[in-house]
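The structure follows.
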Amino acid sequence: MFTRRTLFGGLAASAFAPAAFASPPRRIVCLEWTSAEMFMSLGVQPLAVADLKGYRDWVAAPALPLSTFDLGARGEPNLEVISALRPDLIAGAYGYGIDETMFAHFAPVFSVPFYDGKSTPLAQAAAETVKLGALLRRQEEAREHVSQALRTINDTRDALRTRPAGPIAIVSMFDDRHVRVYGRGSLFQDVFDRIGLVNAWTGRTSEWGFSIVGIDALTTIGNAHLVLLDPIPAHIRIRIVQSTLWTSLPCVRAGNVATIPPVWPFGGLAAAARFANLIENVVQA
């Protein structure tokens with residue numbers, strides 16, 4: 001459990017190192033979606049984001065403006081576009097899989113370390129939001145964003161006290177045979193812990209807080225509620241409905257399956273608050 005005091009205190013040691021800006025950076029490009037979500041949450045619109053369609057499909061909120069440039073694939077951002085945009089700052093996230101140092105000759109690089117193992121994703125998202133707010137000279141906006149996200153999560157906890165719910169498993173579906181299921185070490189687990197819900201998935205997880213398992217592994221959650229994250233490709237939905245393996249799962253037979261709108265599993269405070277609201281809607285349905 002963490003508090004406002006632990007979030008806002010002791011941040012001097014994590015001060016932004018790449019550069020001392022005479023004025024707040026405004027020409028910002030994001031190599032992936034988590035940093036883009038963070039900037040938008042503080043009222044700063046990135047000039048460009050990698051894989052714009054993917055952001056709009058998987059992250060959804062905060063919505064990026066139509067004027068945002070597309071940097072191309074997240075795994076291989078377009079260097080020519082980055083150079084032409086003359087950014088003040090390039091933002092990425094820890095452990096995404098590309099070497100962010102290769103972008104340092106374009107502009108200073110800000111990396112979001114949510115999954116570096118030093119803290120929980122939710123607590124670290126809050127600390128990094130305050131850090132980013134200082135960099136952008138938007139300290140008040142950052143503090144309000146942290147406070148609002150925590151209020152939303154706490155309100156969900158209070159609302160669910162009168163509507164107790166059984167265990168819930170959260171999954172993303174990419175094909176008709178496997179799912180990504182979120183557990184220990186995930187942002188979703190952090191939210192579950194704070195709002196008092198039990199995660200039905202107790203299996204081993206990666207450093208990013210998820211397991212990729214065959215659909216048959218979902219038999220281990222029994223009749224627990226299964227929540228599917230959109231987007232689910234249309235052809236996968238069709239195959240799943242027709243799958244005898246799927247229809248034989250105890251949770252499916254019991255009718256304990258729901259689908260919620262997109263929320264980025266590896267996001268920051270905006271994603272955490274959005275997830276809390278969506279889960280509250282599922283429990284109270």
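Let me confirm something: among GLY97, GLY9, which residue is over 26 Å from ALA134 (Cα atoms), modelled with pLDDT under 95 and over 16 Å from the mean Cα position of the chain (by Cα)? Explain how you work it out, then say what you get.
Working: GLY9 fails: over 26 Å from ALA134 (Cα atoms).
Among GLY97, GLY9, only GLY97 is over 26 Å from ALA134 (Cα atoms), modelled with pLDDT under 95 and over 16 Å from the mean Cα position of the chain (by Cα).
Related question: Please go through region 81-104 and pick out each residue that is in contact (Cβ under 8 Å) with a residue 60 or more places away in the chain and either part of a loop (DSSP other than H, G, I, E, B) or outside the structural domain of GLN45 (by TED's automatic domain parsing) (or both). Step through it out loud before you land on a result.
So the first thing to find is which residues in region 81-104 are in contact (Cβ under 8 Å) with a residue 60 or more places away in the chain, and the list is 87-93, 95-96, 98, 100, 103-104.
Across region 81-104, the qualifying residues are PRO87, ASP88, GLY95, TYR96, ILE98, ALA104.
May I ask you to say which residue of ASP70, ASP57, ASP51 is surrounded by fewer than 19 Cβ atoms within 10 Å (Cβ to Cβ) and either touching a strand residue (DSSP E or B) at 6+ places or on another chain (Cβ under 9 Å) or at pLDDT below 95 (or both)? Give the derivation first.
Values: ASP57 fails: either touching a strand residue (DSSP E or B) at 6+ places or on another chain (Cβ under 9 Å) or at pLDDT below 95 (or both); ASP51 fails: surrounded by fewer than 19 Cβ atoms within 10 Å (Cβ to Cβ).
ASP70 is the lone residue from the list that is surrounded by fewer than 19 Cβ atoms within 10 Å (Cβ to Cβ) and either touching a strand residue (DSSP E or B) at 6+ places or on another chain (Cβ under 9 Å) or at pLDDT below 95 (or both).
For ARG204, which of the numbered conditions (1) part of a loop (DSSP other than H, G, I, E, B); (2) charged (D, E, K, R); (3) surrounded by 15 or more Cβ atoms within 10 Å (Cβ to Cβ) fails to hold?
(3)
Which ones in region 158-192 are in a helix (DSSP H, G or I) and either crowded, with 19+ Cβ neighbours inside 10 Å or in contact (Cβ under 8 Å) with a residue 40 or more places away in the chain (or both)? Don't jump to the end; show me each part of the working.
Step one: list which residues in region 158-192 are in a helix (DSSP H, G or I), which gives 158-160, 187-192.
Within region 158-192, ALA159, LEU160, LEU187, PHE188, GLN189, ASP190, VAL191, PHE192 qualify.
Further, regarding this structure: Between GLY203, GLY185, which is under 19 Å from the mean Cα position of the chain (by Cα) and in the same structural domain as ALA273 (by TED's automatic domain parsing)?
None of the others qualify; the one that does is GLY185.
The values are calculated or read from the model by the stated rules, or taken from the named source; none is laboratory data. Given the structure is predicted, the values throughout are model-derived calculations rather than measurements. Neighbour counts are summed over all protein chains in view; Cβ atoms, including those assigned to glycine, are modelled from backbone coordinates with ideal geometry.
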